[in-house]
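Colleague: Have a look at the structure that comes next, please.
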Amino acid sequence: MKKMIGITSNLRHDGVLTTSQDNITAITKFGGVPVVLPNISDEKSIDKLIDSIDGLLVTGGGDIDPTLFGEEPHPDLGEINPERDVFEMILIKKCLDRNIPILAICRGCQILNIAAGGDMYQDIYAQTFHQLLQHSQRAPRTHTSHFVEVAEDSLFHQIVQSSKFKVNSYHHQAVRDLADGFKVSAKSSDGIIEAFESEHHKFVFGIQWHPENLLQTDDINSVKLFKAFIESL
């Protein structure tokens with residue numbers, strides 16, 4: 001039986017829900033059934049949504065409200081979406097409690113870490129004090145622009161069977177301090193956390209780049225990641 005995968009959505013200020021077609025394709029390509037989730041705040045309704053899914057894909061998007069991890073907004077903070085933040089915080093915590101597999105991408109990996117008790121850089125260029133790579137690439141989303149180095153003792157390494165490979169990059173925020181129970185799976189050469197995983201769940205991964213865009217080029221590591229996600233359900 002095909003598994004149902006909840007896909008989080010962006011809520012525009014005009015009230016329109018959006019998600020990239022690449023998110024849909026990344027699920028259907030490997031045999032899952034995508035269900036785009038609305039941004040709601042009623043916990044009983046969220047429980048009903050969770051009852052209907054087997055896994056959760058937390059997608060990319062805009063910036064995250066820093067008050068969720070106890071900080072005031074930095075001058076370089078971008079546009080936030082409070083309704084989405086509230087929904088995803090509740091949704092992720094409940095999915096973690098139920099041990100539902102989670103794949104969280106870009107913004108998704110940041111909100112996953114915050115929901116579990118970690119924090120993030122509101123702007124990596126303003127809040128780190130060493131030379132950084134270009135993490136907001138000026139190239140098509142299918143282009144891989146910098147390398148990540150994979151921790152060899154990680155489940156992620158077992159999945160991709162590679163210690164170093166190239167990824168795309170579209171972010172100015174990033175995970176800073178990991179929540180308890182998470183461990184680093186991959187970093188860029190400048191020390192930014194590019195992937196992390198749960199040490200206590202069967203499949204919970206945060207990925208800073210956008211593997212869903214790389215499936216268009218049959219990127220082998222992206223294929224392995226999404227296959228492993230679907231197979232974990």
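The values are calculated or read from the model by the stated rules, or taken from the named source; none is laboratory data. Being a predicted model, the structure only gives us computed values, none of them experimental. Note: ideal-geometry Cβ built from the backbone for every residue, glycine included; neighbour counts use all protein chains shown. In case anyone asks, the SASA skips ligands and DNA or RNA and just uses the protein heavy atoms, side chains included. Shrake-Rupley method; radii C 1.70, N 1.55, O 1.52, S 1.80 Å.
Colleague: Three principal axis extents, largest first, for the C-alpha atoms of region 1-106, in Å?
Modeller: Result, largest extent first: 48, 28, 23 Å.
Colleague: If I take every Cα pair under 8 Å that is 6 or more residues apart in region 28-150, average their sequence separation and divide by the length, what percent do I get for the relative contact order?
Modeller: Values: 114 pairs, mean separation 34.1, N = 123.
Contact order relative to length: 28 percent.
Colleague: Still on this structure: Tell me the Kirkwood radius of region 123-189: reciprocal of the mean inverse pair distance over distinct alpha-carbon atoms, in Å. The partial results should precede the final answer.
Modeller: Details: mean 1/r = 0.0748 Å⁻¹.
Its Kirkwood hydrodynamic radius stands at 13.4 Å.
Colleague: Rounded to the nearest percent, how much of the accessible area of the chain (1.4 Å probe, protein heavy atoms only) is carbon and sulfur?
Modeller: Working: 5020 of 10210 Å².
Of all accessible area on the chain, carbon and sulfur atoms account for 49 percent.
Colleague: Let me ask something else about it. Cα to Cα, under 17 Å, and not fewer than 8 places away if on the same chain: which aspartates and glutamates meet these conditions relative to LYS166?
Modeller: GLU149, GLU152, ASP190, GLU194, GLU212, ASP218, ASP219
Colleague: A 25 angstrom limit on the alpha carbon distance is what I want to check against. Which of LYS93/LYS202; LYS48/LYS224; LYS3/LYS94; LYS164/LYS224 exceed it?
Modeller: Check vs 25 Å cut-off fails for LYS48/LYS224.
Colleague: On each of the three principal axes of the Cα atoms of region 64-118, give max minus min coordinate, whole Å, ordered largest first.
Modeller: Principal-axis extents of the Cα atoms in region 64-118, largest first: 37, 20, 19 Å.
Colleague: For GLU194, what residues show an amide H to amide H distance below 5 Å, using hydrogens built from the backbone and excluding near sequence neighbours?
Modeller: ALA186, LYS187, SER188
Colleague: Also: Using the per-residue mean of other Cβ atoms lying within 10 Å as a proxy for protection, in what order, highest first, do the peptides 100-113, 62-75, 202-215, 166-179 fall?
Modeller: Most protected by this proxy first, the peptides run 100-113, 202-215, 166-179, 62-75.
Colleague: How are the C-alpha pair distances of region 30-88 spread across 10 Å bins, as whole percents from the shortest bin up?
Modeller: 18, 43, 28, 11, 1
Colleague: In addition: Pop out the ³J(HN,Hα) list for region 189-197 in order, Karplus 6.51 cos²θ - 1.76 cosθ + 1.60 with θ = phi - 60°, rounded to Hz; leave Gly and Pro as x.
Modeller: For region 189-197, the Karplus curve yields 5, 8, x, 6, 5, 9, 7, 8, 9 Hz.
Colleague: Let me have the 222 nm mean residue ellipticity of the chain computed from DSSP H runs of 4+ only, each contributing -39500 (n - 2.57), with the sum over all residues rounded to the nearest 500.
Modeller: Estimated from H runs of four or more residues: -8000 deg cm²/dmol.
Colleague: Now a separate question. Quote the Stokes-Einstein diffusion coefficient, in whole µm² s⁻¹, for the chain, based on the Kirkwood radius over alpha carbon pairs, a temperature of 25 °C and a viscosity of 0.890 mPa s.
Modeller: 139
Colleague: Mind listing the long-range amide H neighbours of HIS171? Cut-off is under 5 Å, sequence gap 5 or more, other chains count too, H placed in the peptide plane at 1.01 Å from N.
Modeller: SER136, GLN137
Colleague: Given a 1.4 Å probe, how much area per residue of the chain is accessible, in Å²?
Modeller: Heavy-atom SASA per residue in the chain reads 44 Å².
Colleague: Give the relative contact order (percent, whole number) for the chain; include only Cα pairs under 8 Å separated by 6+ residues.
Modeller: Dividing the mean separation by the residue count of the chain yields 20 percent.
Colleague: When the dipole is taken about the Cα centre of region 1-122, and only Lys, Arg (+1) and Asp, Glu (-1) are charged at their Cβ, what size is it in debye, to the nearest 20?
Modeller: For region 1-122, the charge dipole is close to 760 debye.
Colleague: Then there's this: Whole-Å semi-axes of region 78-148's equivalent ellipsoid, largest first, each the root of 5 times a Cα gyration tensor eigenvalue?
Modeller: Equivalent ellipsoid semi-axes, largest first: 26, 16, 13 Å.
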